[in-house]
Each structure stands twice: as C-alpha cells, then as structure tokens.
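Input: a single structure, listed below in structure tokens.
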Amino acid sequence: AHGPWSLEDILGEEDEQDRVPLQKLKLLGDSEELRDLLLNPHLRQLLLTLDQAQDKSSLMRKLMQEPLFVEFADCCLSIVEPPEKENVLPE
C-alpha cells in the first residue's frame, strides 16, 4: 500500500488522548482572531522554523518563551478546547 497515510498509520493508541477531533480542528479555520495572528510575519517565520526543525521539542520549549508564540498557542487551545464556564448561574 503506497497510498497516502492516514492518522491511524501515524498515531498509536497511546497518542489517542492527545488527538483533537477533525471537526474541532476545522474551527481553527473559522477563527478571525487566529487569522489576524497569522498575518504577523514574525509568527509565520516562527511556525515555518518549527515545521522545518529537526529537534522540534527543543525548539518548542524555546518558542514557549516567545510571547507572540504563546499568544498563538493560547488562541488555538481556546478554539479547540474552550474554557469551561465557571461561576455561571443557571438561567
């Protein structure tokens, strides 16, 4: 089978808990806030550098010290995993 790989080919069962459902990932494309962040050339360069890096985990630790990257990561997380509403009175 020389066709394209599926996620199941790449991820094992132990990776299942780190998986984001496809429908939630699609929400990223609908976010104006995320689109606005991605217009920043510095952020785009950081993401390209990370994508092309050999040691992604080491670079990721460094990038998590970069406020712009943290803002990007927080934005993505708030879209795919919205914070639970606390102290909300029932209607």
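Things to note:
- Flag for Arg44 being at pLDDT 90 or above, part of a helix (DSSP H, G or I) and farther than 21 Å from Arg19 by Cα: yes
- Per the listing Leu7, Leu11, the residue uniquely modelled with pLDDT under 95, touching a Lys or Arg at 6+ places or on another chain (Cβ under 9 Å) and surrounded by 10 or more Cβ atoms within 10 Å (Cβ to Cβ) is Leu11.
The values are calculated or read from the model by the stated rules, or taken from the named source; none is laboratory data. These numbers were taken from a predicted model, which means no experiment stands behind them. FYI the Cβ positions are ideal-geometry reconstructions off the backbone, even for glycines, and counts take in every protein chain you see.
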